[in-house]
Amino acid sequence: MAGQRESRRAFLAAAAGASASLAGCARGALARRSATASSRDLADRIVFYNAGDLQFDPGTRRNIERFEAETGITVEVPEVPWPDLKTTLTTVWNNRSSRIDVWNGPTWWLADFVQSGWLEPLDLPASHMEKFPQNLRDLVTFDGRVYMAPQLGKWGTFLYDSDYLDRLGYDHPPRTWTELLETGEMLTGDERAGFAVPWANKDVFTFKQFLYQAGGQLFDGNEPVFVEEGSVALEFLRRLGDRGVLPADAMELGQPGVRRAFIDGRLATVESWTPLGARTLDADGWDADRLGTAKPPAGPASRATFQDTNGIGVSAFSQRKRAAKLFAEFMTTTESAKRDMLVEGNPSVVPAVYDDPEVRDQYPNGLLEDMRYNLEHAKSETYLAQSRVDAYLSEQITPAMRGRKGPETALEDAAANIRQLYSSMGLL
């Protein structure tokens with residue numbers, strides 16, 4: 001995999017080299033660099049584009065307040081709805097505007113942004129990056145340089161209604177795909193589905209997760225290689241639907257719909273993106289005894305979940321890069337990761353946080369251990385033309401899930417479209 005990753009990213013060297021580095025900035029402990037803006041000759045304000053309204057990101061808001069108090073730097077956060085964020089960033093940076101200093105978003109946007117020369121290498125101390133798992137460091141590193149600091153965990157979590165399973169005589173949830181299929185049938189009934197995953201607005205994410213569990217990947221270099229294992233994944237998901245384990249409206253259920261269905265007691269088990277566990281614990285009728293948590297049911301190759309981490313990057317066009325980089329570092333310290341988890345419930349991207357006494361007091365130990373396991377075993381890939389590649393996948397996998405197209409035929413068509421796209425871009 002390491003060689004494949006390097007081959008995918010080799011073409012980024014020119015764009016990465018064009019990004020300016022932070023010349024002459026003292027590299028010491030963050031505490032020494034966090035002196036007031038006036039004493040460090042830093043900008044007294046920066047503009048931060050967040051992935052959504054801070055109203056829905058209270059952990060991020062709290063850490064911004066901490067940053068402002070400790071540095072004296074004001075952080076302006078324009079309201080940009082999440083669906084509009086990528087378009088806004090692309091428009092601003094296409095015009096080489098310095099309007100944005102720092103931004104938050106998913107790792108899967110990075111390849112396009114770095115290749116376009118829009119991001120600044122962060123030049124973070126090695127000690128800062130070493131606290132993250134290697135699988136996460138790999139996603140934010142291109143040609144040996146870090147372009148994003150991991151901030152929020154968004155990978156999948158497997159949860160179940162332990163009261164319901166107890167009533168039916170099950171002392172543990174499904175632990176493999178086979179058990180999920182067989183036990184899921186027995187758990188279906190009493191106006192409940194045995195299992196659900198997000199699909200409507202997360203179809204490609206869910207497909208990737210089961211692809212990785214089947215032992216596959218999307219690309220080898222720039223060559224699509226997902227047809228064989230992807231067919232295994234889609235066929236398994238279709239069997240879940242054919243046997244009634246998935247709810248009747250499975251294809252229409254996005255992340256919010258799955259969350260509501262589970263909290264309302266209409267699902268026995270669920271695999272969805274965080275912070276579903278924290279949201280469930282806060283809901284009426286739920287507590288740590290009722291909420292069951294487990295590692296994802298193992299597929300033919302692994303229990304991997306899809307790595308949907310958000311991170312912080314700095315614009316190559318910013319005129320306040322030093323302050324912006326300080327912000328990126330501050331927002332991704334162990335303490336900031338801990339504060340976000342305590343305030344908002346997003347799983348931490350720093351494994352050490354799961355051993356913190358405050359965190360252990362707030363969340364059940366089983367949930368914490370499963371979150372950490374998923375952090376360390378989650379998988380993802382970065383690739384160019386991400387939105388178009390994902391669109392080609394989406395337009396094929398949903399008809400396959402509905403039985404309108406065979407899984408292998410659907411994925412062969414998707415691979416052909418992606419191959420044609422990459423050939424037109426000079427990547428194949």
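No lab work stands behind these numbers, since they all come straight from the coordinates. Just so it is clear, the structure is predicted and the values come from calculations on it, not from any experiment. Positions of Cβ are backbone-derived with ideal geometry, glycine not excepted, and every protein chain shown enters the neighbour counts.
Taking label positions 7 Å along the Cα-Cβ direction at both Ala288 and Asn201, the computed distance is 3.2 nm, reported to one decimal. For the stretch 345-391, the spread of Cα positions along the three principal axes, ordered from largest to smallest, is 44, 17, 15 Å.
Here the relative contact order of the stretch 68-223, from alpha carbon pairs under 8 Å that lie six or more residues apart, stands at 10 percent. Each Cα pair under 8 Å and six or more residues apart adds its sequence gap; the mean of these over the residue count of the stretch 333-428 is a relative contact order of 15 percent.
What's the ranking of 248-260, 305-317 by average number of surrounding C-beta atoms within 10 Å, highest first? Before the final figure, lay out each step's value.
Values: 248-260: 16.8, 305-317: 25.5.
Answer by packing, highest mean first, reads 305-317, 248-260.
Convert 20 °C to kelvin, take the viscosity as 1.002 mPa s, use the Kirkwood radius over C-alpha pairs of the stretch 140-240 as Rh, and evaluate the Stokes-Einstein diffusion coefficient in µm²/s, rounded to a whole number.
Values: Rh = 16.2 Å.
This corresponds to a translational diffusion coefficient of 132 µm²/s.
Comparing Ala200, Ala268, Ala416 in a Gaussian network model of the chain (Cα springs below 10 Å), the most mobile by mean-square fluctuation is Ala416.
Counting pairs of alpha carbon atoms under 8 Å apart in space and at least six apart in sequence, what relative contact order in percent does the chain give? Please list the in-between numbers first.
Working: 772 pairs, mean separation 108.0, N = 428.
Averaging sequence separation for qualifying contacts and normalising by length gives 25 percent for the chain.
Kirkwood radius, the stretch 335-423, all distinct C-alpha pairs, inverse of mean reciprocal distance: 16.1 Å. Of the two radii for the stretch 281-397, the radius of gyration is 1.04 times the Kirkwood radius, both from the alpha carbons; that is the Rg over Rh value.
Computing FRET efficiency as 1/(1 + (r/R0)^6) for Arg360 and Leu428, where r is the C-beta to C-beta distance and R0 is 41 Å, gives about 0.25.
Put a plus charge on the Cβ of each Lys and Arg, a minus charge on the Cβ of each Asp and Glu, and nothing anywhere else: the dipole of the chain about its Cα centre is then about 1360 debye.
Computed over the Cα atoms of the stretch 249-297, what is the ratio Rg over Rh, Rh following Kirkwood?
Working: Rg = 10.5 Å, Rh = 11.3 Å.
Taking Rg over the Kirkwood Rh, I get 0.93.
Over 21 Å apart at the Cα level, from the set Lys325/Lys379; Lys86/Lys154; Lys86/Lys295; Lys154/Lys295, are Lys325/Lys379; Lys86/Lys295. Antiparallel beta bridges, as assigned by DSSP with both residues in the chain, represent about 75 percent of the total such bridges.
Using the alpha-carbon positions of the chain, Rg (one decimal) and Dmax (whole number) come out as 21.8, 66 Å.
Can you give the angle from 0 to 90° between the axis of helix 386-401 and the longest principal axis of the chain, with both taken from C-alpha atoms, to the nearest 10? The angle comes out near 10 degrees. For the stretch 193-266, the normalised intensity computed at q = 0.15, 0.16, 0.21, 0.26 Å⁻¹ comes to -0.53, -0.60, -0.90, -1.16 (log10 of I(q)/I(0), Debye sum over alpha carbons, equal scatterers, no solvent).
Please express the shape of the stretch 379-428 as an equivalent ellipsoid: the semi-axes are the square roots of 5 times the eigenvalues of the C-alpha gyration tensor, given largest first in whole angstrom. Write down the numbers at each step before the final one.
Working: eigenvalues 91, 31, 14 Å².
Equivalent ellipsoid of the stretch 379-428: 21, 12, 8 Å, largest first.
In summary, the convex hull built on the alpha carbon positions of the stretch 39-108 has an orientation-averaged projected area of 5.5 nm².
Remark on the stretch 118-167: hydrodynamic radius 13.5 angstrom, per the Kirkwood mean of 1/r across alpha carbon pairs. Between Ser97, Ser348, Ser318, the GNM of the chain built on Cα springs shorter than 10 angstrom shows Ser97 fluctuating the most.
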